[in-house]
Amino acid sequence: MDCASCAAKIDTAVRRLDGVADVSVSVTGASMTVSHGGLLNDDKVLRQVARLGYGIVKAEGRADGPSARAHDHADHDHEGHDHEGHGHEGHGHGGGQQITDEAAGSSHLHSHAEPGQAWWRSRRSALTLACAAALLAAYGIGHLLPSAERWVFLAALLVGLVPIARRALMAALAGTPFSIEMLMTIAAVGAVMINATEEAAAVVVLFLIGELLEGVAASRARASIQGLADLVPKTALVERGGGTVEVPADLVAVGDVIVVRPGDRIPADGEITEGSSDIDEAPVTGESTPKRKGVADIVFAGTINSDGVLKVRVTAAASDNTIARVVRLVEEAQEAKAPTERFIDRFSRYYTPGVLAVGALVAVLPPLIAGGDWNEWIYKGLAILLIGCPCALVISTPAAIAAGLATGARRGLLMKGGAVLEGFRRITAVAFDKTGTLTAGKPVVTDIVAYGRDERSVLALAAALEQGSSHPLAAAILDRARADKAPVPPALAAKAISGMGVEGNVGGVAVFLGSGQAAGERAAMTQAQRLAVDGLNGEGKTVSVLVADGVVAGLIAMRDEPRPDAAAGVAALKVEGIRAVMLTGDNRRTAQAIAGSLGIEARAELLPQDKQRIVGELQREGFKVAKVGDGINDAPALAAADIGIAMGGGTDVALETADAAILHGRVRDVARMVRLSRAVMANIGQNITVALGLKAVSLVTTIAGITGLWPAILADTGATVLVTANAMRLLRWRG
């Protein structure tokens with residue numbers, strides 16, 4: 001299938017079968033799902049689709065993920081169209097049998113194409129070349145034998161026209177009488193009747209070339225998504241019984257430990273348990289600079305391990321890793337039509353019959369009313385049929401939408417459908433959650449103040465007490481100790497004191513680490529020390545006071561810091577003319593401190609329903625609101641916003657509720673989504689202008705007698721190629 005009109009023909013034909021409840025045809029996935037009450041025979045579905053000229057096979061058992069769609073089915077060419085049958089469990093499409101010519105009631109052979117087969121080896125290419133060769137031969141024979149010229153051109157015409165006419169007839173019988181093939185057939189037959197056989201043969205060749213180019217472009221759009229799935233290696237080295245075993249990557253289970261050698265692609269999402277290395281995430285995130293990652297860091301399937309041996313504990317099965325989820329969601333998204341696309345679809349339903357009517361009137365009225373030459377005006381009417389072919393117009397929007405969704409997904413910008421992609425251009429306000437969205441979601445040590453000791457010693461004593469604790473503040477201190485390579489001596493009799501802190505004995509010294517109030521009960525704090533604590537608290541930081549041998553030894557301040565690109569991301573939105581506001585349940589002081597550093601207005605101490613209420617208030621003020629969040633508490637506001645955006649790494653609830661997802665946690669990606677939406681909509685505008693503009697020019701020149709059948713089909717074919725090529729430019733978008 002090349003475009004939405006192919007899918008529409010299949011959808012219409014299958015819906016006419018008794019027992020069919022629903023049909024979903026995916027151009028992107030080259031697949032069809034049929035829902036029925038159990039009384040429908042599979043062979044009826046297969047025959048109905050095959051009669052239209054599309055190859056179809058049953059699904060090979062269950063297909064739970066994009067890899068099954070992409071790799072488990074053979075591609076088939078049938079009269080110039082490629083199609084993969086893809087059934088779903090419970091819909092009666094198991095088995096993996098392919099339809100035969102006898103079952104299809106077809107006299108045309110299926111040519112089996114390997115996945116990724118070159119386009120010039122397909123049956124469509126063979127038909128186009130055969131028709132072109134026949135046309136060239138007709139010119140040669142006609143030059144040598146002028147008396148046989150009409151008949152050799154008629155033979156050349158039939159080589160290409162018979163398959164086209166058959167498809168037109170089958171589509172008409174299946175409920176789609178006004179197809180592009182029908183317009184082409186009427187125009188060619190009419191041309192023969194007025195002795196324009198040579199032109200008719202040339203027009204058929206040009207039509208087939210246009211279809212071939214359209215198919216190549218559609219394949220490129222599919223390949224852009226499939227290229228993501230192909231990033232994941234096919235095998236993985238799994239630790240088993242003290243050694244490593246190479247197994248298929250899709251059989252790696254959650255909890256397995258895999259070994260990733262330098263230069264290898266990582267075969268699964270997971271957490272590093274041993275080793276450190278620079279990880280090249282460009283294939284997945286688009287980031288050009290590798291990231292240094294070590295123990296406890298998360299890695300994604302498809303990224304490249306640069307220089308160290310890593311052991312990674314798998315955290316997601318192959319069907320649910322980052323890339324698999326992206327491919328699956330993008331395939332689903334491409335079937336959710338944008339408002340512009342739905343309008344074009346509705347318009348095209350009336351457009352094609354309208355073209356037939358206009359062509360008939362142009363052919364008949366001038367001779368009847370004004371005494372015009374019948375041959376001349378029938379010729380012009382036939383040319384108008386070719387000018388009116390809706391291919392370029394129909395593909396103008398879905399091609400751009402598909403390319404936009406694909407290029408966004410490759411850069412971690414996942415949008416669940418064309419309507420969402422189109423909606424981003426209208427966003428005028430963005431409401432951010434704080435924790436895990438504008439900030440990294442975990443505290444880090446920001447300040448160490450030492451009294452009577454050096455900072456390294458203060459950090460070492462604090463880390464000694466926090467060993468073995470899973471508290472986020474303890475983790476922050478231990479991370480800082482590792483980063484600064486501070487020694488962490490053992491602590492004896494260490495214990496937590498509820499609501500106060502932790503105490504123990506480190507190297508014979510009694511040590512306490514806790515809140516300022518609890519520390520003040522164990523040691524006298526000077527005015528300067530109290531002012532230092534208050535100052536750090538005023539910056540929205542949590543301060544732990546270290547007491548050693550009854551004396552205040554130091555202060556350790558921690559805060560959930562903004563993401564590295566948060567300030568730049570907020571600034572980018574302002575450049576686009578978009579208002580940014582932070583909504584958080586955190587205390588007002590911390591919220592103001594973070595907001596001040598980012599240049600964003602803040603609303604603090606909010607419950608989930610408060611966030612939802614504020615989103616509603618912004619909407620009533622006339623703003624189109626996008627809400628960005630990562631947690632369950634964000635779900636109500638995400639659902640209420642015009643567009644909900646889940647931050648990567650967030651909860652499943654947030655990801656399911658949201659309309660879009662930023663898979664790699666970059667704040668600046670919100671502005672990039674807006675820019676991508678605007679780029680796509682500008683592209684669609686260009687496509688529609690080209691499609692209708694060329695038709696308008698050709699219509700005027702045809703009626704004026706300046707151009708004929710050749711330029712008419714060139715206008716349609718040329719417009720289709722230009723529109724598709726323009727849409728494919730979006731695949732190179734960098735944002």
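All of ALA532, ALA528, ALA475, ALA483 fail the test of being assigned to a helix (DSSP H, G or I) and in contact with a Lys or Arg (Cβ under 9 Å, 6 or more places away or on another chain), apart from ALA475.
Out of the residues in the stretch 303-323 meeting the condition of being surrounded by 24 or more Cβ atoms within 10 Å (Cβ to Cβ), in contact (Cβ under 8 Å) with a residue 40 or more places away in the chain and not in a strand (DSSP E or B), tell me which one is nearest to the chain's Cα centre (by Cα). Only one residue tops the list, namely ILE323. Quick check on HIS112: is it of a type outside the set (Ser, Thr, Tyr) and at pLDDT below 80? So HIS112 passes the test.
Among the residues of the stretch 516-564, those that are surrounded by 15 or more Cβ atoms within 10 Å (Cβ to Cβ) and closer than 30 Å to ALA626 by Cα comprise GLU539, GLY540, LYS541, ARG559, ASP560, GLU561, PRO562, ARG563.
Here LEU461 clears all of (1) touching a helix residue (DSSP H, G or I) at 6+ places or on another chain (Cβ under 7 Å); (2) buried (at least 23 other Cβ atoms within 10 Å of the Cβ) except the condition numbered (1).
Checking each residue in the stretch 593-609 for being buried (at least 16 other Cβ atoms within 10 Å of the Cβ) and in a helix (DSSP H, G or I) picks out ALA593, ILE594, ALA595, LEU598, PRO608. Here is the figure for the stretch 228-239: residues that are at pLDDT 90 or above and buried (at least 16 other Cβ atoms within 10 Å of the Cβ) total 3.
Among residues of the stretch 608-631 that are modelled with pLDDT of 90 or more, those with a beta-carbon under 8 Å from a residue that is of a type in the set (Lys, Arg) at least six positions away or on a different chain give the pairs ILE614/ARG603; VAL615/LYS627; PHE623/ARG579; LYS624/ARG426; LYS627/LYS611.
Residues considered: THR428, THR446, THR435. Of these, the only one that is at pLDDT below 90, β-branched (Val, Ile, Thr) and within 24 Å of PRO562 (Cβ to Cβ) is THR435.
Here LYS58 passes the criteria (1) at pLDDT below 85; (2) under 24 Å from PHE347 (Cα atoms) except the one numbered (2). Note on the stretch 240-261: among residues that are surrounded by 14 or more Cβ atoms within 10 Å (Cβ to Cβ) and not in a helix (DSSP H, G or I), the one that is modelled with the lowest pLDDT is THR244. Of the numbered criteria (1) farther than 22 Å from GLU211 by Cβ; (2) in contact with a helix residue (DSSP H, G or I) (Cβ under 8 Å, 6 or more places away or on another chain); (3) buried (at least 18 other Cβ atoms within 10 Å of the Cβ), the one ASP43 fails is (3). Would you call VAL203 assigned to a helix (DSSP H, G or I) and surrounded by 17 or more Cβ atoms within 10 Å (Cβ to Cβ)? In short, yes.
ALA591 falls short on exactly one of the conditions (1) modelled with pLDDT of 90 or more; (2) in contact with a Ser or Thr (Cβ under 7 Å, 6 or more places away or on another chain), and that condition is (1).
The values are calculated or read from the model by the stated rules, or taken from the named source; none is laboratory data. Quantities reported herein were computed from a predicted structural model and do not represent experimental measurements. Neighbour counts run over all protein chains shown; Cβ positions are idealised from the backbone, glycine included.
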